[in-house]
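As structure tokens, the structure follows; a few thoughts come after it.
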Amino acid sequence: MKISIRHIATVLVMAAVASVFIYAYDTGYGAGHIAATDTGTGLPSPSTLDVIYERNNGGSSDFLHLQVDTTYTARGKGSFRLQPSCSRRLSARLFDGEYHPTDIRPEECFVFNTEAASRWRETGTTRRIAGYDCRCVEATFNGRTWQVWYTDRLPHCADGAVAADHLKGLILEATAMQGDPYTLKARYIDQKIG
């Protein structure tokens with residue numbers, strides 16, 4: 001194949017156009033349809049969710065405080081900003097008169113975390129807990145059968161944002177159906193958006 005000056009000029013023009021787009025993507029200059037709908041930072045407001053659970057474990061009682069801080073990020077700037085991504089920072093601690101570290105990982109408060117998603121089976125039963133529509137799921141693991149009520153309305157994730165951590169289905173009530181008695185019930189829920 002013979003390379004002509006025309007081929008070389010075409011490649012150079014394409015490289016120049018690509019570099020302008022890459023520069024605009026990284027620095028936020030340029031025009032595009034996203035810029036027309038961009039207000040302020042273009043990102044949804046952060047939110048905080050606080051849930052206080054009462055926990056009864058083998059006859060002893062304490063409280064679990066789950067805090068979920070949600071923020072949003074987007075790659076690119078200006079008119080080249082991509083879809084916002086929702087990321088969360090989770091913390092949990094026990095309270096029995098003073099706060100202590102907990103053996104419960106905050107991710108375990110969600111039905112659809114990466115480890116637990118496959119084990120739960122829907123029962124088809126629904127009810128309202130603390131003003132939220134909840135669905136019931138059951139699973140057997142660690143030698144015990146569990147019944148859990150969860151809502152997919154918490155924590156808040158803004159419309160159009162993708163949840164980077166795949167956490168959904170916040171547990172509002174959990175009961176061990178056999179073995180040592182264990183219950184976890186949401187007693188207080190507070191969510192602040194913006």
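Rule-based calculations on the coordinates, nothing more; no lab input. Note that the coordinates shown come from a computational prediction; the quantities given were computed from them, not determined experimentally. Cβ sites come from the backbone with ideal geometry, for glycine too, and all protein chains shown count toward neighbours.
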Could you give the C-alpha radius of gyration of segment 50-104 expressed as a fraction of 2.2 N^0.38 Å, taking N as the number of residues it contains? 1.75
If every Lys and Arg gets +1 and every Asp and Glu gets -1 at its Cβ, then about the Cα centre segment 115-194 yields a dipole, in debye to the nearest 20, of 200
Ranked by how many other beta carbons lie within 10 Å on average, peptides 118-126, 84-92, 147-155 from highest: 147-155, 84-92, 118-126
For q = 0.09, 0.16, 0.20, 0.21 Å⁻¹, Debye-computed log10 I/I(0) when each Cα of segment 42-182 counts as one equal scatterer: -0.32, -0.91, -1.29, -1.38
For segment 161-167, in order, what is each residue's ³J(HN,Hα) by Karplus, 6.51 cos²θ - 1.76 cosθ + 1.60 with θ = phi - 60°, in whole Hz (x at glycine and Pro)? 9, 9, 7, 6, 8, 6, 7
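Which peptide among 164-173, 132-141, 53-62 comes first, and what is the full order, when sorted by highest mean count of other Cβ atoms within 10 Å?
Details: 164-173: 18.8, 132-141: 16.4, 53-62: 13.4.
The packing order, highest mean first, is 164-173, 132-141, 53-62.
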